[in-house]
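Below: one structure, written as C-alpha cells.
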Amino acid sequence: MTILANQGKRINTILHITAWTIIIIIPLYLSNVFNGGGDQHRLYEFYIRGFSAAIIFYLNYLWLVPGYFLQNKKAKYAIIITGIIIINYFLSTYFIDNFIHISAEEQRIREAMLKIIEQNKESIPPMPPISAFKFFNHLLVSVLISGFALGLGVMEKLKENEEKQKELEKEKLNSELAFLKNQVSPHFFFNTLNNIYSLIGINTEEAQNAVLKLSKLMRYLLYESEQGESKLNDEINFMTHYIDLMKLRLSDKVKLSVSFPETAISTSVPPLLFIPFIENAFKHGISYREHSFIDIQMTVSDNQISFQTRNSIGTSSQSGDGQHSGIGLENVKKRLNLLFPNAHDLQIQQMPNVFSVQLRLDLKTTKQ
C-alpha cells in the first residue's frame, strides 16, 4: 500500500507541474505570436491573476479542505476562505496598479473609451464601476477554484478511505486464516500421535506412512498456506492427508465415503477454505456405539467448485466440540463473504440425524 501511495503522490506532483507549465507557456506564446511581444501589460496581469488563483487553490487543497472541511469545521472553513479571497483580491489589485505600467497605446485606448462614455452618458445606461466588475469577476473565479479544490480533496479522501478499507479487509483475512489454522484442533494432533504410537508395534510401515502424512499436513499448515491463495491440488492433498489420519481412529461402524477430482487442476483457491467443514463432519459424524457415516465430495467444472459434506449426528459428540465447531463454520462464512461476494452459495442444513453442507464457488465471476 505504501508503494502505491508514493507512486500516486509522484504522479499527482507531475500532473500539477505539467498543468502549471502549460498555463505559463501558452499565454507567453500567444502574446509573442499576436502581439509581437511588445505590450506585456496584459500578460503580466494574467500571471498575477494566475498566481492569485494558485494561492487560493493550494491553500484550499493542501490546508483548508483536509484541515477544516473534512474535519467537520465547515463554518471556520467558510470564514477563512472568504477572508483569503478578499485579501487576495486587494493584494493582486495593488500589485497590478502599482507595479505594472500601462503602455502608451493602452493608455490612449482607455482615455478614448472614457471620453466616449462621457460624451454619451445620457444615452448610455448607467454601468457599474470597473472596480466592482473586477471584484465580482475575482469572486466568481475564486469560488469556482475553491469548489474545484474542494471536490478534488474530497475525492482523494474517499480514495484514501477506500484503500484503508481494503488494507483492513486484507489484515482481517490474514487474521481469519491464522484463526482457521488454530481451528484444526490440537486434539487432532494428540490423537493422531497416540494412534501412530499404537501402530508402531502392530504395523511399522503404516505408522511410517502416517508420520509422513502428518509431517506434510503440518508443513502445509505452517508454510505453504501463508500465501493468499493455494493450488486446488495442494488443498485437496491437504484434505486427503487429514482424512487419512482421521481414519486411524475410525471403527468398523463408521462408513466413510470420499470423492475428490483425480485429474490435475491448476485453479487457485484461498487456503484452508474447506477443512472446517471436514473437521466438523468428523467431530459430529462419529459414533462408537452405533452405525454412522461421513460423506465428502468435491467436483470441479467450468470454473466452478462444488463441495459437499454429509454426516450423521453422533450421540457421543461433546458439547464443547459443538461450540468450537460453530465458531469455525461462522469463520468460514465470513471469509466467503469477503473473498467471494455474490460468487458463492453456502447451504447448511441440520436435520434430526443428518448434518449437511453444500458449497458452490464461482471462480470465474470472482476473477472478473
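The values are calculated or read from the model by the stated rules, or taken from the named source; none is laboratory data. Source: prediction; values computed, not measured. Don't worry about glycine lacking a Cβ; one is built from the backbone with ideal geometry, like all the others, and counts go over all protein chains shown. When the accessible area is computed, the model is the full protein with side chains, heavy atoms only, and any ligands, DNA or RNA have been set aside. Shrake-Rupley method; radii C 1.70, N 1.55, O 1.52, S 1.80 Å.
Among the residues of the range 220-248, count how many are at pLDDT below 85 and open to solvent by 80 Å² or more (accessible area, probe 1.4 Å).
Counting residues in the range 220-248 that are at pLDDT below 85 and open to solvent by 80 Å² or more (accessible area, probe 1.4 Å) gives 6.
Would you please name the residue that is farthest from Ala132 (Cα to Cα), looking only at residues in the range 44-96 that are outside any helix (DSSP H, G or I) and without any contact (Cβ under 8 Å) to a residue 12 or more places away in the chain?
It comes out as Asn72.
Regarding the range 149-166, can at least one residue be identified that is modelled with pLDDT of 70 or more and either farther than 30 Å from Asn72 by Cβ or of a type in the set (S, T, N, Q) (or both)?
Within the range 149-166, one or more residues are modelled with pLDDT of 70 or more and either farther than 30 Å from Asn72 by Cβ or of a type in the set (S, T, N, Q) (or both).
Results for (1) buried (at least 20 other Cβ atoms within 10 Å of the Cβ); (2) modelled with pLDDT under 90, shown as yes or no for each residue.
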residue	(1), (2)
Phe282	yes, yes
Asp302	no, yes
Asn311	yes, no
Gln323	no, yes
Glu330	no, yes
Lys334	no, yes
Leu339	no, yes
Arg360	no, no
Leu363	no, yes
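Can you find a residue that is assigned to a helix (DSSP H, G or I), more than 32 Å from the chain's Cα centre (by Cα) and at pLDDT 85 or above anywhere in the range 24-35?
Yes, there is a match, as at least one residue in the range 24-35 is assigned to a helix (DSSP H, G or I), more than 32 Å from the chain's Cα centre (by Cα) and at pLDDT 85 or above.
Would you mind finding the one in Ile80, Ile86 that is open to solvent by less than 80 Å² (accessible area, probe 1.4 Å), over 17 Å from Ile48 (Cα atoms), within 60 Å of the chain's Cα centre (by Cα) and at pLDDT 90 or above?
Ile80
Looking at (1) under 29 Å from Ile265 (Cα atoms); (2) at pLDDT 75 or above; (3) out of contact with any helix residue (DSSP H, G or I) (no Cβ under 7 Å at 6 or more places or on another chain), which one does Leu346 not meet, given that it meets all the others?
It fails just one condition, (3).
Restricting to the range 258-306, what's the tally of residues that are among the basic types (Lys, Arg) and closer than 14 Å to Tyr242 by Cα?
Selection size over the range 258-306: 1.
Exactly one of (1) surrounded by 15 or more Cβ atoms within 10 Å (Cβ to Cβ); (2) of a type in the set (Gly, Ala, Ser); (3) under 22 Å from Met351 (Cβ atoms) is unmet by Ser257. Its number?
The single condition Ser257 does not satisfy is (1).
Across the range 284-300, which residue is farthest from Leu221 (Cα to Cα) among those that are free of Cβ contacts under 8 Å to residues at least 60 places away in the same chain and crowded, with 21+ Cβ neighbours inside 10 Å?
Here the answer is Ser292.
Which ones in the range 253-279 are more than 22 Å from Arg219 (Cα to Cα) and either touching a residue at least 12 places away in the same chain (Cβ under 8 Å) or of a type in the set (A, V, I, L, M) (or both)?
Those that are more than 22 Å from Arg219 (Cα to Cα) and either touching a residue at least 12 places away in the same chain (Cβ under 8 Å) or of a type in the set (A, V, I, L, M) (or both): Lys253, Val254, Lys255, Leu256, Ser257, Val258, Ser259, Pro261.
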